[in-house]
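Chemist: Take a look at the following structure, please.
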Amino acid sequence: MVDFNNETTISTPAGDVIKILILQRRYDLFESLEAYNKQRGQGTDPNIGGVSARLYTFWLELEAMLKRRLKAEEYETLYQNVISDKEANIILAINTINAQLDFIKLTKIDERQVYESHRAEKENKVKSM
Amino acid sequence: MSYNSGLEFSDILSINIDDLLQRIDMNKASLLILDGGIGEGKTTLAVHIADYIHKKKGLGKINFKESLAMGGEEFLERLRICYRNELPVIIYDEAGDFNRRGALTRFNAMINRTFETFRAFKILVILCLPSFHVLDNELFDKQIPRVLLHVKDRTMAQGNFYGYSLYRMRYIKHKIGKLIVPNFAYTQVQPNFYGHFHDLPKTRAKELDKVSTTGKLKVLVKSEIKIKGLLGYPELSAKLSRSIVWVRVHINKLKIKPRQIINRAKYFNEEDLNRLSDHLEGLD
């Protein structure tokens, strides 16, 4: 539970804390998916329930945003995939959510502008000069 | 021998010059700075660049008497000539100008004013000076200098330049202020591009030498006059609060002989000033 009266969070906007929580949930989800794949690789018959549970919590965290951004039928498909116990559907759901997180720039990491740095004037322009 | 594209400098520089010209077409101020030690080829490269621009605009090679200004006094005059004759580029070679006290302040003020007033001149100004860090921060805040070409390590066969954007210039400027050996700052910032350039053809180099030496001689003469404490008619007139004509007439009347004649201008010293001053008191 986040303590909003804590020294580190008192000066942080709530939105930023939520973003961090979302990223944390995503990380947890990936961890469980990794454990699942590892078990499968070892030849045991793993249970996808752990991944499914984390995905569902992750989805709950993002529900309002996803509802806003996706069309009704897309949202419904996503929901069906989230609650599914089939691996393929779960992966599809993760893909959809990932794409949305990238779109809202929460996980977008390739924002740096690419330019021809050997052209000084191009660089000036990119640096707003 | 010339480089791949038939130019006298590496092709990469022409791409950067074209970008500057494009900026000028959009009515934006553009200052290209060439800095480096004495004899590294600043003026040579500046002439190559100016020739390239002239060629691009369908003009012949630059005429030094129109497009090359040695020192601040010539600059404004040549700028007017360039504007009148619709010439696209002017070279301002400081030619030891900055060694005079207050020259830098005057220069910075002049450059500032020039670009504020005459932005629509559509002329690329190429400024040659030993170190660009003497320029005011105000110029950089206004984003007037666009590209710096640091010229160094000239060999018998060619000169070398290193190009920096305004963005990188600001890093160099910051570092220069902090380092004991200011020149190390150039090695601490990666250039955007670098290349080489040839010497001028012999006849053109001779022509340039003539203009350049004349310009430098003018500066030398001024320094000599200052060091010797000589006074011309305008200075005497200012000190005595009388007109130049009055000074001329009374110098003749008192039969004061000039201490030195430089370029047909007569110069007097402090002693002569005192004689004139005493004479003036007598008249009152």
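The values are calculated or read from the model by the stated rules, or taken from the named source; none is laboratory data. It should be emphasised that the depicted structure is a prediction, and the values quoted were computed from it without experimental measurement. Backbone-built Cβ (ideal geometry, glycine too); neighbour counts: all protein chains shown.
Chemist: Kindly indicate whether B:LYS56 is away from every other protein chain (no Cβ under 14 Å) and without any contact (Cβ under 8 Å) to a residue 40 or more places away in the chain.
Modeler: Yes: the conditions hold for B:LYS56.
Chemist: Moving to a separate point now. Residues B:ASN112, B:ASN160: which one is free of Cβ contacts under 8 Å to residues at least 40 places away in the same chain, in a helix (DSSP H, G or I) and either among the polar types (S, T, N, Q) or out of contact with any Ser or Thr (no Cβ under 7 Å at 6 or more places or on another chain) (or both)?
Modeler: Answer to the check: B:ASN112.
Chemist: Could you tell me whether the stretch A:76-89 includes any residue that is more than 16 Å from the chain's Cα centre (by Cα), within 30 Å of B:ILE33 (Cα to Cα) and either within 14 Å of chain B (Cβ to nearest Cβ) or assigned to a loop (DSSP other than H, G, I, E, B) (or both)?
Modeler: Checked the stretch A:76-89: no residue is more than 16 Å from the chain's Cα centre (by Cα), within 30 Å of B:ILE33 (Cα to Cα) and either within 14 Å of chain B (Cβ to nearest Cβ) or assigned to a loop (DSSP other than H, G, I, E, B) (or both).
Chemist: When residues of the stretch B:1-42 are filtered for being within 12 Å of another protein chain (Cβ to nearest Cβ) and assigned to a helix (DSSP H, G or I), how many remain?
Modeler: 14
One line per residue, one yes/no per condition, for (1) of a type in the set (Lys, Arg); (2) out of contact with any Phe, Trp or Tyr (no Cβ under 9 Å at 6 or more places or on another chain); (3) crowded, with 16+ Cβ neighbours inside 10 Å; (4) more than 20 Å from A:TYR27 (Cβ to Cβ):
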residue	(1), (2), (3), (4)
A:ASN37	no, yes, no, no
A:SER52	no, yes, yes, no
A:LEU60	no, yes, no, no
A:LYS71	yes, yes, no, yes
A:ASN81	no, yes, yes, yes
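Chemist: For the structure I just gave you, tell me whether B:GLU281 is part of a helix (DSSP H, G or I), surrounded by fewer than 17 Cβ atoms within 10 Å (Cβ to Cβ) and in contact (Cβ under 8 Å) with a residue 24 or more places away in the chain.
Modeler: no
Chemist: A follow-up question, please. Give me the pairs: first residue in the stretch A:111-127 and more than 7 Å from chain B (Cβ to nearest Cβ), second residue outside any loop (DSSP other than H, G, I, E, B), beta-carbon distance under 6 Å, and six or more apart or on different chains, which are they?
Modeler: Cβ pairs passing all conditions: A:GLN113/A:VAL126; A:TYR115/A:LYS122; A:TYR115/A:VAL126; A:GLU116/A:LYS122.
Chemist: Quick check on the stretch B:133-162: of everything there that is within 14 Å of chain A (Cβ to nearest Cβ) and aliphatic (A, V, I, L, M), which residue is nearest to B:ILE17 (Cα to Cα)?
Modeler: Within the stretch B:133-162, the match that is nearest to B:ILE17 (Cα to Cα) is B:VAL147.
Chemist: Have a look at A:ILE109, A:ILE91, A:ILE97 and point out the one that is hydrophobic (A, V, I, L, M, F, W, C) and at pLDDT below 95.
Modeler: It is A:ILE109.
Chemist: Turning to a different aspect of this structure: Report, by residue number, each residue of the stretch A:92-129 that is surrounded by 14 or more Cβ atoms within 10 Å (Cβ to Cβ) and among the hydrophobic types (A, V, I, L, M, F, W, C).
Modeler: Within the stretch A:92-129, A:LEU92, A:ALA93, A:ILE94, A:ILE97, A:LEU101, A:LEU106, A:ALA120, A:VAL126, A:MET129 qualify.
Chemist: Also, quick follow-up: Quickly run through the stretch B:32-63 and pick out the residues that are basic (Lys, Arg) and touching a Cys at 6+ places or on another chain (Cβ under 9 Å).
Modeler: B:LYS42
Chemist: Working carefully through the options B:PHE115, B:PHE107, B:PHE121, find the one that is in contact with an Asp or Glu (Cβ under 9 Å, 6 or more places away or on another chain), aromatic (Phe, Trp, Tyr) and within 25 Å of B:LEU87 (Cα to Cα).
Modeler: Just one listed residue meets the conditions, B:PHE107.
Chemist: Quickly run through the stretch B:163-218 and pick out the residues that are within 14 Å of another protein chain (Cβ to nearest Cβ), part of a helix (DSSP H, G or I) and of a type in the set (A, V, I, L, M, F, W, C).
Modeler: Of everything in the stretch B:163-218, those that are within 14 Å of another protein chain (Cβ to nearest Cβ), part of a helix (DSSP H, G or I) and of a type in the set (A, V, I, L, M, F, W, C) turn out to be B:LEU166, B:MET169, B:ILE172.
Chemist: Which residues, taken from the stretch B:207-231, are among the polar types (S, T, N, Q) and either surrounded by 18 or more Cβ atoms within 10 Å (Cβ to Cβ) or in contact (Cβ under 8 Å) with a residue 60 or more places away in the chain (or both)?
Modeler: Passing the criteria: B:SER212, B:THR214, B:SER223.
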